[in-house]
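The structure under discussion appears below in the form of structure tokens.
The values are calculated or read from the model by the stated rules, or taken from the named source; none is laboratory data. Here the structure is a predicted model, which means the values were calculated and not measured. Heads up, the Cβs are rebuilt from the backbone with ideal geometry, glycines too, and the neighbour counts pull from every protein chain shown. The area values use the complete protein model at the heavy-atom level, side chains included, leaving out ligands, DNA and RNA. Shrake-Rupley method; radii C 1.70, N 1.55, O 1.52, S 1.80 Å.
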Amino acid sequence: EMPLEILIRMMKGGGDKAFSWSMQVTINHNELPSDRRIGRADSTSIRQDDHAQGNNKADSFVVSPRLSWKSDRDSLTLMPVFQRFYGKGESDFVRDDLATPASSYVRKDESDFRRAYNRLRATAEVFRQDLKYTGRLMVSDGGQVSRARRLNQTTLTQSEDETRRNIFDTDIALRVDWSAGQHALAANLEHSGHKSDESLVSTGYATETHESWDRQWSVWLQDEWSPDKTVTLTGGLRGEFMRYAVDGAGQDHQRWLPSVAVRWEPVPQWVLRSSLGAGIKPPRLDELTNQPIRSVNANTPLEPDQRGNPALRPERSVNFEVVVERYLPNDAGVFGVNAYLRRTEDFTERRVQLEGVRWVDRPYNEGTAHHWGIELDGKLRTDTLGWRGATLRAHLTLPHSRVQDERQGLRRTARETPRYVLSAGFDQTLAAMSFGASMQHSGRVRTRTPGEQEFETRARTVVNAYVLQKLDATWNLRLSGDNLFGAKARRQQDAFAPGSSWSLASTDKGVRNVLLSLEGKW
């Protein structure tokens with residue numbers, strides 16, 4: 001199957017030097033089929049084959065005006081966004097119980113959701129003497145309601161879930177830039193906050209409601225110094241102060257984070273860049289809240305419920321990077337090699353544990369982790385080679401990792417670390433048309449936690465392509481295809497506990513998708 005996604009994007013603008021405006025309207029309709037097969041087995045002689053096949057539809061409507069005022073070098077821009085999303089899905093679920101045929105059944109699943117999201121973003125720049133002041137304000141508010149209904153057509157029993165979520169986000173920042181001789185200085189003060197209220201009403205379970213919020217204050221000072229035209233040194237100090245809470249239980253964290261970076265061009269068109277800095281990454285609200293996503297078809301270590309972890313601590317890291325870049329003459333392209341090393345304290349990974357009678361998957365701080373690797377990157381414009389209007393690009397990542405697992409007292413590879421990731425593509429521009437293709441190949445992914453689990457995701461290659469035709473001065477027509485060869489996602493999972501074992505083999509059908517997009521100004 002190759003479902004067609006239709007996107008219409010229209011824009012109109014006007015104004016003068018002092019005031020300008022634009023209005024963009026986006027309408028999107030998408031239909032996406034799903035097809036998944038699972039083979040399930042465990043040490044209690046369970047042998048089951050599940051097959052779920054269905055179709056999902058989604059419609060979205062987005063209005064995003066932009067209003068800009070200018071006076072000399074000063075400016076103010078307002079960018080409100082109004083988004084509305086609607087979707088529904090249907091699927092047929094069939095379970096063949098090979099060990100107990102009487103337990104086989106057929107189920108009809110239906111789901112729907114609606115989401116509303118409003119955001120206002122404002123940016124301002126003011127120049128006074130030798131100082132540049134930049135301000136940013138963002139306020140957003142939204143909510144989502146989703147429902148799922150399941151009818152067992154064999155036993156004529158029905159269950160239903162309803163999830164509601166309201167979110168409110170703010171972000172305020174003030175930055176000052178100024179120069180002092182060969183130094184370009186900047187200082188910034190920022191505050192951000194997020195709040196989420198969620199509820200779940202589910203057949204057979206008690207109603208759950210959870211509230212989570214976070215607040216983060218950041219202050220930093222940066223000095224960019226260029227002693228000559230070939231060298232730029234950048235030093236900085238950042239202070240992070242954060243607090244978050246879930247259902248009334250909170251945490252506070254503070255940290256000062258220094259950094260230094262250098263850019264050196266020893267000879268023309270050869271650039272060496274390197275940086276060393278500390279960082280801190282707070283948990284997202286969905287990683288903290290105890291709101292459940294319950295596993296419907298089975299509850300095992302391989303198909304657990306999913307929840308957040310209110311006790312999760314931020315990750316603290318030190319990052320080192322070295323990049324060598326070679327720029328080709330006549331702006332023909334660039335080739336680069338990047339080596340990186342990162343040490344992370346309180347490294348976060350998801351882990352499954354038995355809580356009462358349910359297996360639950362939550363994020364945990366597992367210990368100290370090291371990530372290192374090499375990235376090769378290239379971009380080539382072929383005009384000088386006689387191929388006019390074409391650009392070739394490629395990227396290869398070779399990642400490695402090691403986690404000092406404090407809970408198990410051993411060293412292991414971080415979960416979900418691929419052997420490599422390779423991407424490549426090209427773009428061609430003609431007079432009134434452009435087209436291109438891209439490929440991403442992910443190597444095999446293996447996860448091993450001794451005595452607990454072994455996961456393997458097979459290698460997968462996804463190919464995408466597009467054609468953009470300029471119809472006239474007003475309209476462009478874009479046709480793009482994703483996963484043209486229908487690459488499937490195949491995974492084998494095994495889990496172990498004293499006296500028990502589980503096995504799960506899953507295959508997700510590779511869905512080809514075609515997007516037809518009409519873009520224009522009216």
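If I go through the stretch 231-244 residue by residue, how many of them are open to solvent by less than 60 Å² (accessible area, probe 1.4 Å), in contact (Cβ under 8 Å) with a residue 24 or more places away in the chain and not aliphatic (A, V, I, L, M)? Even if it seems obvious, please write down each step before you answer.
First, pick out the residues of the stretch 231-244 that are open to solvent by less than 60 Å² (accessible area, probe 1.4 Å): 231-232, 234-236, 239-240, 242, 244.
Going one step further and asking which of them are in contact (Cβ under 8 Å) with a residue 24 or more places away in the chain, we end up with 231-232, 234-236, 240, 242, 244.
This time we only want the ones that are not aliphatic (A, V, I, L, M), so: 232, 234-236, 240, 244.
Residues that pass the stated criteria total 6.
Whenever a residue of the stretch 495-522 is β-branched (Val, Ile, Thr), its partners that are assigned to a strand (DSSP E or B) and open to solvent by 50 Å² or more (accessible area, probe 1.4 Å), lying with C-beta atoms within less than 6 angstrom and at least six residues away or across chains, give the pairs THR507/ARG37; THR507/ARG490; VAL514/LEU4.
Considering every residue within the stretch 414-425, establish whether at least one is part of a loop (DSSP other than H, G, I, E, B), of a type in the set (A, V, I, L, M) and either touching a residue at least 60 places away in the same chain (Cβ under 8 Å) or out of contact with any strand residue (DSSP E or B) (no Cβ under 8 Å at 6 or more places or on another chain) (or both).
Yes, that holds for at least one residue.
Can you confirm whether THR413 is open to solvent by less than 70 Å² (accessible area, probe 1.4 Å), hydroxyl-bearing (Ser, Thr, Tyr), closer than 20 Å to VAL445 by Cα and modelled with pLDDT under 95? Against the criterion (open to solvent by less than 70 Å² (accessible area, probe 1.4 Å), hydroxyl-bearing (Ser, Thr, Tyr), closer than 20 Å to VAL445 by Cα and modelled with pLDDT under 95), THR413 qualifies. When you look at LEU174, is it on the phi > 0 side of the Ramachandran plot and open to solvent by 80 Å² or more (accessible area, probe 1.4 Å), yes or no? No; evaluated as a whole, the condition is false for this residue.
Table: residues versus (1) under 21 Å from ASN118 (Cβ atoms); (2) open to solvent by less than 80 Å² (accessible area, probe 1.4 Å); (3) out of contact with any Leu (no Cβ under 9 Å at 6 or more places or on another chain).
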{"site": "VAL145", "(1), (2), (3)": "yes, yes, yes"}
{"site": "GLN158", "(1), (2), (3)": "no, no, no"}
{"site": "ASP161", "(1), (2), (3)": "no, yes, no"}
{"site": "HIS194", "(1), (2), (3)": "yes, yes, no"}
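Candidates ASP247, ASP214, ASP228: the one that is within 28 Å of the chain's Cα centre (by Cα), open to solvent by 30 Å² or more (accessible area, probe 1.4 Å) and acidic (Asp, Glu) is ASP247. When we screen TYR117, TYR133 for residues that are in a strand (DSSP E or B), of a type in the set (Phe, Trp, Tyr) and either open to solvent by 60 Å² or more (accessible area, probe 1.4 Å) or over 22 Å from GLY89 (Cα atoms) (or both), the only hit is TYR133.
Pairs are defined by a Cβ separation below 6 Å, a sequence spacing of at least 6 or placement on different chains, a first member in the stretch 54-66 that is under 18 Å from ARG114 (Cβ atoms) and of a type in the set (Phe, Trp, Tyr), and a second member that is in a strand (DSSP E or B) and open to solvent by 30 Å² or more (accessible area, probe 1.4 Å); the pairs so defined are PHE61/ILE27; PHE61/ARG84.
One line per residue, one yes/no per condition, for (1) farther than 25 Å from TYR340 by Cα; (2) touching a residue at least 24 places away in the same chain (Cβ under 8 Å); (3) open to solvent by 40 Å² or more (accessible area, probe 1.4 Å):
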{"position": "ARG255", "(1), (2), (3)": "no, yes, yes"}
{"position": "SER259", "(1), (2), (3)": "no, yes, yes"}
{"position": "PRO266", "(1), (2), (3)": "no, yes, yes"}
{"position": "GLN269", "(1), (2), (3)": "no, yes, yes"}
{"position": "SER274", "(1), (2), (3)": "no, yes, no"}
{"position": "GLY277", "(1), (2), (3)": "no, yes, no"}
{"position": "GLU287", "(1), (2), (3)": "yes, yes, no"}
{"position": "ILE293", "(1), (2), (3)": "yes, no, yes"}
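Between ASP97, ASP49, ASP74, the distinction of being touching a helix residue (DSSP H, G or I) at 6+ places or on another chain (Cβ under 8 Å) and either over 23 Å from GLY486 (Cβ atoms) or open to solvent by less than 80 Å² (accessible area, probe 1.4 Å) (or both) belongs to ASP97 only. Pairing each residue of the stretch 1-21 that is surrounded by 13 or more Cβ atoms within 10 Å (Cβ to Cβ) with any residue that is among the acidic types (Asp, Glu) and not in a strand (DSSP E or B), provided the two are 6+ apart or on different chains, yields no C-beta distance under 7 Å.
With the requirement that a residue be under 19 Å from SER423 (Cα atoms), among the small types (Gly, Ala, Ser) and either outside any strand (DSSP E or B) or open to solvent by 70 Å² or more (accessible area, probe 1.4 Å) (or both), what does the stretch 447-492 give you?
Filtering the stretch 447-492 down to residues under 19 Å from SER423 (Cα atoms) leaves 457-466, 480-489.
From what's left, among the small types (Gly, Ala, Ser): 459, 465, 480-481, 486-487, 489.
Scanning the stretch 447-492 gives ALA459, GLY486, ALA487.
Considered as a group, the residues in the stretch 199-211 that are open to solvent by less than 30 Å² (accessible area, probe 1.4 Å) and of a type outside the set (S, T, N, Q) include one that is nearest to LEU276 (Cα to Cα), and that residue is HIS210. GLY510 fulfils the conditions (1) at pLDDT below 90; (2) open to solvent by 40 Å² or more (accessible area, probe 1.4 Å); (3) more than 30 Å from GLY14 (Cβ to Cβ) except for a single criterion, (2).
On the basis of being at pLDDT below 95, over 24 Å from the mean Cα position of the chain (by Cα) and in a strand (DSSP E or B), does MET2 make the cut?
Working: at pLDDT below 95: yes; over 24 Å from the mean Cα position of the chain (by Cα): yes; in a strand (DSSP E or B): no.
No; evaluated as a whole, the condition is false for this residue.
Considering only residues that are small (Gly, Ala, Ser), assigned to a loop (DSSP other than H, G, I, E, B) and in contact (Cβ under 8 Å) with a residue 12 or more places away in the chain, which ones fall in the stretch 325-361? Selection gives ALA332 alone. For the stretch 328-373, the set of residues classified as of a type in the set (S, T, N, Q) and within 12 Å of ASP305 (Cα to Cα) consists of GLN353 only.
When the stretch 22-32 is examined, which residues are found to be open to solvent by 50 Å² or more (accessible area, probe 1.4 Å) and farther than 27 Å from SER75 by Cα?
Going residue by residue through the stretch 22-32, those that are open to solvent by 50 Å² or more (accessible area, probe 1.4 Å) are 23, 27, 29, 31-32.
Those that are open to solvent by 50 Å² or more (accessible area, probe 1.4 Å) and farther than 27 Å from SER75 by Cα: ILE27, HIS29, GLU31, LEU32.
Residues of the stretch 350-390 being among the β-branched types (Val, Ile, Thr) and open to solvent by 60 Å² or more (accessible area, probe 1.4 Å), which ones? Those that are among the β-branched types (Val, Ile, Thr) and open to solvent by 60 Å² or more (accessible area, probe 1.4 Å): VAL357, ILE374, THR384.
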